Every structure is written in C-alpha cells, then in structure tokens.
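Here's the structure, in structure tokens; my notes come after.
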Amino acid sequence: MLGFNAYILNIIIMVSILFLLNSLPETLYLKVLDPMNSIMYSIDFMKENWLNWLLPNAIFYVALYYLTGNILTDLFTTHLSFGFNFGTSSIIKYLLGQGVFSFMMIYRGHLFKLLSTSTRRKRMFMNKF
C-alpha cells in the first residue's frame, strides 16, 4: 500500500537512529542509567555535541572504508566467510582495519567522557589557558 514511500520512511528512520543514537554504546558503557534514560541521554548528548562528536567519527569511518574497502554495516558478521581472500594484501588490510577500528572505539570512549563531563563554554574557557 505504501510502496516507495515506505522505503523512504525506512531510510529516514534508519538515518535518524544512526545520528541520534550514535553515542548510545558509550552511554551504556560509561553511564549507569536505566534503558529509557540511556536513550534520552544519548539524544541530549548528540543535540549538544553533534559537531564535536560526528566530525571525528566521520573521519575514522572514511579511513576505515579506505583501508578495508567496504562500509561496516554489521559488526557481528565474520569477514572471513564473506569474500575474504587470503592474499597478503587482504590480510594486511584486514589487520590495519581492525587496528583503526580498535583505536576508533577507544578514542570514542575518551571523547565521550570528555564531552559528557563538560560544556562547550567550559571547553572554550579552558582552551585559553
């Protein structure tokens, strides 16, 4: 009945979830909140820190894309079983991608901790010293 409109609506919902709940893993890991408050905290965090949060993450995702050659949409699938050839360059790309991904997740945790414990105004004031 909805046809193509359902597809567009699905894309809008997925992109909204991707942006609004991007910091949810760090909220769950670093904050002790009940489930609904975790979601609301993540949304509020993204409203306050969207530029400081999304810009470094976008840079890391682009670097990860250029290293691995694909966009990570499902982190839980094994890449060894889906078209992974065992050539030297593929193994090196895979290991580099895993290194960048690990660094990215650690960086996200530290960035979240920094941004969630201060305000933009406080960070601007501390930058002067």
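Overview of values
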quantity: Residue tally, condition touching a residue at least 60 places away in the same chain (Cβ under 8 Å) and hydrophobic (A, V, I, L, M, F, W, C), over the range 1-56; calculated: 3
quantity: Flag if residue 19 is under 20 Å from residue 104 (Cβ atoms) and open to solvent by less than 70 Å² (accessible area, probe 1.4 Å); calculated: no
quantity: Verdict on residue 80 being at pLDDT below 75, among the hydrophobic types (A, V, I, L, M, F, W, C) and either under 15 Å from the mean Cα position of the chain (by Cα) or in a helix (DSSP H, G or I) (or both); calculated: no
quantity: Residue 22 at pLDDT 80 or above, under 13 Å from the mean Cα position of the chain (by Cα) and assigned to a loop (DSSP other than H, G, I, E, B); calculated: yes
quantity: Hits in the range 108-117 (condition: among the polar types (S, T, N, Q) and within 14 Å of residue 50 (Cα to Cα)); calculated: 116
quantity: Within the range 106-129, tally of residues that are of a type outside the set (Lys, Arg), touching a helix residue (DSSP H, G or I) at 6+ places or on another chain (Cβ under 9 Å) and assigned to a helix (DSSP H, G or I); calculated: 7
quantity: Hits in the range 106-129 (condition: within 13 Å of residue 56 (Cα to Cα), of a type in the set (A, V, I, L, M) and free of Cβ contacts under 8 Å to residues at least 24 places away in the same chain); calculated: 106
quantity: Residue count, the range 1-28 (criterion: over 14 Å from residue 53 (Cβ atoms) and in contact with a helix residue (DSSP H, G or I) (Cβ under 7 Å, 6 or more places away or on another chain)); calculated: 1
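The values are calculated or read from the model by the stated rules, or taken from the named source; none is laboratory data. Please read these numbers as outputs of a predicted model, since none were measured by experiment. So basically every Cβ, Gly included, is an ideal-geometry build from the backbone, and we count neighbours across all protein chains shown. What goes into the accessible areas is simple: the full protein's heavy atoms, side chains included, and nothing from ligands, DNA or RNA. Shrake-Rupley method; radii C 1.70, N 1.55, O 1.52, S 1.80 Å.
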